Structure formats: structure tokens, C-alpha cells
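Asks: Take a look at the following structure, please.
The values are calculated or read from the model by the stated rules, or taken from the named source; none is laboratory data. The shown structure was predicted, so the numbers you read here are calculated from the model rather than taken from an experiment. Positions of Cβ are backbone-derived with ideal geometry, glycine not excepted, and every protein chain shown enters the neighbour counts. Protein only, heavy atoms only, side chains kept; ligands, DNA and RNA dropped before computing areas. Shrake-Rupley method; radii C 1.70, N 1.55, O 1.52, S 1.80 Å.
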Amino acid sequence: PPRSTLFPYTTLFRSSGETYTGTLAERFSGTESVDTVFTAQKFYETHDDAYDYLVLYNNLGIPADDGAVAYELTLRNNREGYGDTQIEAGVLYGSRRRLQGFLNMGPLSQYPRDPNGIVRARSTSRDTPLTVLGHEAGHLFVAFVSVRDANDPTGMPMLGRQTAHWNFRFNSEASLLEGNRIRDNGEGTNPRFTTTATVEGFSPLDQYLMGFRDPAEVPDTFYVSGANIGFADRPPQPGVNFNGTRRDVNVNEIIQLYGPRRPDASMAQRRYRFGFILITAAGQEPTAEDIAKLDTFRQQFELFYRTASSERAEADRSEERRVGKECRSR
């Protein structure tokens, strides 16, 4: 049966009563937004703490954030060697032990009904509803690492936007976390480099950082320094030519800078459970079309995630367990 859980849209400001070692921020904005904390708390009133990710869509036309198609919030991790800092904030969202990431995917209407159709706002990078979802899920692990440039020891040449995406000039092997697949046309060739593909899956380096591969399974790659035009914050795009200097990257350089990935590929989690939520207006039932659309994304993502991770990990969309009172589910 379909498992998309539906809640009325509500705004509520209240204290959780919890104590945290980090800083929590209150945001003031004239833009309507979804209260993600309250949404998650309501979800856990009727559902077990049995999810690694919660994935939120709405049919109210409310953007995830200004200028953003979607975003991820890392709430809990206990891993090392992939560049991010450890955090423990899942309790704020109603999860006592398990929730790791909260994905705000914004309005369902911004995605085509075809899960492999192009998302208009991400047409340059050729993103689809499934690749955007994979991108946000991947942010639990990447992209936070970079080798150093001898000419700029403080720089992060492999990283681009927000230092949380791969740089346009990094040969990320068409990672879902941006960068491009870049062809080296050969020394002395003009143009020297050409981008050939985008957002195909989690690259071997991604999979090492996610705990799905051993270092020995990660082939060398490269980034381009001194490019003739600036690309650091540019979204990926196939068919772009440019010049510059090739700088090879080996995974052992990453390990020297950030330490080994722990837990390693022999012990790391490989199965992640996703709970999907659709917010609709109070007193209104979602349309059958919206439920069918979201359920298609949910079902197709299971296969997509397995393929994107080279059959090394799984996205579990199995039937949720409910606790307490009956929730509004379809």
C-alpha cells in the first residue's frame, strides 16, 4: 500500500525543552516557510523512531528556501574522515536515537511527474526528481573534503558552492554532488578540457566518503587549476570547454588530511530508511494525482539509490511502523 504520510500545514513556535551544546538560530523572514522542526515532531507522535531520513514535500507552493530547490539538514552523525563535523541534534526533531538527515524538497509542483524528467530550475545540470533527491541525501556525507593547492595552502580547490559541493573544475565523475565528468583532451590541445556528463550517481570517491568503498577501490581523479574562466560556484553543465593545468588527486591525500574513514567499508551502514511526508493545507485532502506522483518518486528512488551507489547501498522505503494514535496516511 502507499506509504506517503500527510499532515496539515501548521506554523508553531515553541521550546522543545531540550538542552544542546551547539547554537540554535531563530530565523526572521517575510517569506512563508514550513516549520520543519514541528513537522518532524508531529511525524514522530504517530511513527516509530525508525528512519534515517525524513523527506518533506508540500503542495502549497512554498519554496524550500530562498533561491533553493531543496536542502538537507544533517542532524546526527558519528562518523570520521569525510570532512564534516559531528553533530547530535536529532532529539530536537523528535528522534531520540536514529534520524540523521532531514530533506526539505520544497513544493511537489516544481518536479515533473516523470521521475526521470528534467527539473526546470536545474535544467543546466540536467537534474531530475530522483537526482535532486539523491543529491540531498548525499549531503549527509559529501562534499566536504579537498586536497590542498601548493600555491594556496588554505584553499579548497576541489570544492565549489558553500564549500559543500564539488567544484565545476573537479572531475567528480559526474557526481550527484556536482562537479562534472571532465575529459582531458591531451596536453597541448586547445581546449584542453571538456565537460561530458553530470549528476549520474555517487562517484568512487563519494562512495569511499559514504563508507561504501575501501580506499584501494577509488581510482585517481583530477581537478583543473588556473582555468581560463571562473567556475567555482557554477552548477555542472555538459559540453563546456576550458583550459588550465591538470592536478591529479589520489584518495590517500584525502586520508592524510582528514584521517581514515570511520567506520570503514567493512563496518559502515549500507541500508538507510527513508520516510516521505507530504504537507497539505489544513482541512484539505491531497489530490490522488499528488499522492500518485510522490509515491512514484518514493518507489523509483529505491532502485535509483542502489544503482547510484554501484549496488553497494540501499534506500529502504518499507512500510512504516506507527505508534500511538492513528495518523492521516494514504
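Asks: List pairs: first in region 259-285 and on the phi > 0 side of the Ramachandran plot, second assigned to a loop (DSSP other than H, G, I, E, B), Cβ under 9 Å, 6+ apart or cross-chain?
Replies: Gly259/Gly81
Asks: Still on this structure, please answer the following. Is it the case that some residue within region 183-197 is closer than 29 Å to Phe301 by Cα and buried (at least 24 other Cβ atoms within 10 Å of the Cβ)?
Replies: No, region 183-197 has no match at all.
Okay, residues lined up against (1) at pLDDT below 95; (2) under 23 Å from the mean Cα position of the chain (by Cα):
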position: Tyr223; (1), (2): no, yes
position: Asn228; (1), (2): yes, no
position: Phe231; (1), (2): yes, yes
position: Pro238; (1), (2): no, yes
position: Ile254; (1), (2): no, yes
position: Arg262; (1), (2): no, yes
position: Arg273; (1), (2): no, yes
position: Gly283; (1), (2): yes, no
position: Tyr305; (1), (2): no, yes
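Residue by residue, here is whether (1) surrounded by 13 or more Cβ atoms within 10 Å (Cβ to Cβ); (2) assigned to a loop (DSSP other than H, G, I, E, B); (3) not hydrophobic (A, V, I, L, M, F, W, C) holds:
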site	(1), (2), (3)
Gln256	no, no, yes
Ser266	no, yes, yes
Ile279	yes, no, no
Asp295	yes, no, yes
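Asks: Of everything in region 89-127 that's farther than 15 Å from Val37 by Cβ, touching a Lys or Arg at 6+ places or on another chain (Cβ under 8 Å) and not in a loop (DSSP other than H, G, I, E, B), which residue is most open to solvent (accessible area, probe 1.4 Å)?
Replies: Gln110
Asks: Moving on to the next point. Taking region 201-229, which residues are assigned to a loop (DSSP other than H, G, I, E, B) and touching a residue at least 40 places away in the same chain (Cβ under 8 Å)?
Replies: Passing the criteria: Phe202, Gly211, Phe212, Arg213, Asp214, Ala227.
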